[in-house]
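Enquirer: This is the structure I have questions about; it appears just below.
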Amino acid sequence: MKLKWFKKKFTFMVIPDNDPSRSVLRFRVHGLLLYVFFSIFFALIVISMILYIVHGKSSLLNSILAKKLTGQEQEYSQTVSSKDLTIEQLQNKVIQLSEQAAEIQSRIGEMQKLDEEVKLLTNPDKTAKKQVKAGTEVAQDSSNDKGGPMLSVTNEEILQLADNTQKNFKALGTEMTTLFGSMEQTKKKVINAIELLKISPTIWPVTTRHITSGFGFREDPFTYRPTFHSGFDIAGSFDDPVYVTADGTVISSDYDKLHGNNIVVSHSKGLRTWYMHLNKSLVSEGDHVTKGQQIGLLGSTGRSTGPHLHYEVKKDGVSVDPEPYLITARKEE
C-alpha cells in the first residue's frame, strides 16, 4: 500500500481570489517527494522542540552554575581576606615576640648587673678592681602614646625578623643557663656571707656612740700612768641595754674586782667579744645568743670611774681595735 502511495502523483491548485484575469496555478507533486517533505518538516519540528528543551535546560544549568560560581567566589574572597588577616596577625605576633626578646635581653642584662653587684658585696676586697657595666634600657613602654608614619613591611622582612628573633631566643637560652649557674654560685656566696655576717661583731653594743676612751695607749684614769687600753669605753646611763654584737655562745658570765660584771661571747672563727662593768648580766654561761639580743644592763662595776661599757674584740686571743667592726647600728634600728 505504501509503495503504491509513493508512486501516485498529487496535483495542487492555486486559485486567485476575486481576480478572473489571473489563471489557476497547478502543481503536480510526486507522492514520494511529498512524503519526504512532510517527514523533513516534522523532523525539523521535533529537532526544534529538542533544541528548545536542551537550551532551556542549558540556561537553567548555566544559571545554577553561575550562582554556585558567585558563591564560591565570595567564599574564596572571604577565605583570602581571612588568610590576609591571619597573616597580619601572625606578623604582629612576630613583631611582639621580637620586642619581648629585646625586653628579656634587657632584663637579663639587669640580672647580670645585679649578680655582679652581689658578687662585689660578697667579695669586698675586689670592689676596687671591678666595675659593673650598666645595661642598656630597651624595655618597651606600656603606654599607648605612639605615632609616626605607616610604612608597610614585606613578607621577606617579617621572615628575616622571625629568623633573628629565633636566634635571639636561642642566645637568651644560653645566657640564662649561664646566668642561672652563676647565680647559684652567687647564692651560695650570699648565704655564706649572711652566715659570716651573723657571727661577725659588726653592730654597736649600746645605743650611744660616745667613746670616752679609745683603743691604744692612754693615761690611766686611776694612776695617771701611760697604759695600753685594749678596747672602747662607751659612755651611757645606768641600766642602758647592752646588746651582743654577733651570734655566738656565752663562754663566761661572771664578776671580778677588775672587770666587774662581765660577759664573754665566742663567735667562732677565732672571734670573741667582751662586755665589762655591767650593772647586771642577763645571760648565763652556755647560752646561745643572737646578734642584737640584749645580754645585760650598763653599769659601773669593777675598776670604773662612772657608768660606761668597756667593749673589747679579741681575734685568736689577741685584743684588736673594735672600730673596723662597728659598721652599723642594731639590726632593729
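All of the numbers you see were taken from the coordinates with simple rules; none came from a lab. This structure is a prediction, so every number in the text was calculated from the model and none was measured. Using ideal geometry, Cβ is built from the backbone for each residue, glycine included, and neighbour counts are taken over all protein chains shown.
Enquirer: Compute the length gained on full extension between Phe217 and Ser77: take 0.36 nm times their separation in residues and subtract their Cα-Cα distance, giving the result in nm to one decimal.
Expert: The span from Phe217 to Ser77 would gain 40.5 nm if fully extended.
Enquirer: In addition: Sorted from fewest to most neighbouring beta carbons within 10 Å, what does the list Met176, Met13, Met111 look like?
Expert: In order of increasing Cβ crowding within 10 Å: Met13, Met176, Met111.
Enquirer: Within a Cβ distance under 14 Å of Val320, other residues only, what is the Lys/Arg minus Asp/Glu net charge?
Expert: 0
Enquirer: If r is the Cβ-Cβ distance from Val190 to Tyr224 and R0 is 56 Å, what FRET efficiency results, to the nearest 0.05?
Expert: The pair Val190/Tyr224 has a calculated efficiency of 0.65.
Enquirer: Still on this structure: What whole-number distance in Å separates the alpha-carbon centres of segment 210-261 and segment 279-295?
Expert: 16 Å
Enquirer: Moving to a separate point now. Show me, for segment 194-211, the HN-Hα J-couplings you get by feeding each phi into the Karplus relation (A = 6.51, B = -1.76, C = 1.60, θ = phi - 60°), rounded to Hz, glycine and proline as x.
Expert: 5, 5, 5, 5, 4, 9, 9, x, 9, 10, 6, x, 9, 6, 8, 10, 8, 8
Enquirer: Now, a different point. Compute the length gained on full extension between Lys315 and Ala102: take 0.36 nm times their separation in residues and subtract their Cα-Cα distance, giving the result in nm to one decimal.
Expert: Working it through step by step, the gained length comes to 71.5 nm.
Enquirer: Could you order peptides 236-246, 69-79, 201-211 by the average number of other Cβ atoms within 10 Å of their residues, highest first?
Expert: Answer by packing, highest mean first, reads 236-246, 201-211, 69-79.
Enquirer: Using the Cα gyration tensor of segment 211-325, with a ≥ b ≥ c the square roots of its eigenvalues, what is the shape: rounded (a/c below 1.5), prolate (a/b larger than b/c) or oblate (neither)?
Expert: It comes out oblate by the Cα gyration axes.
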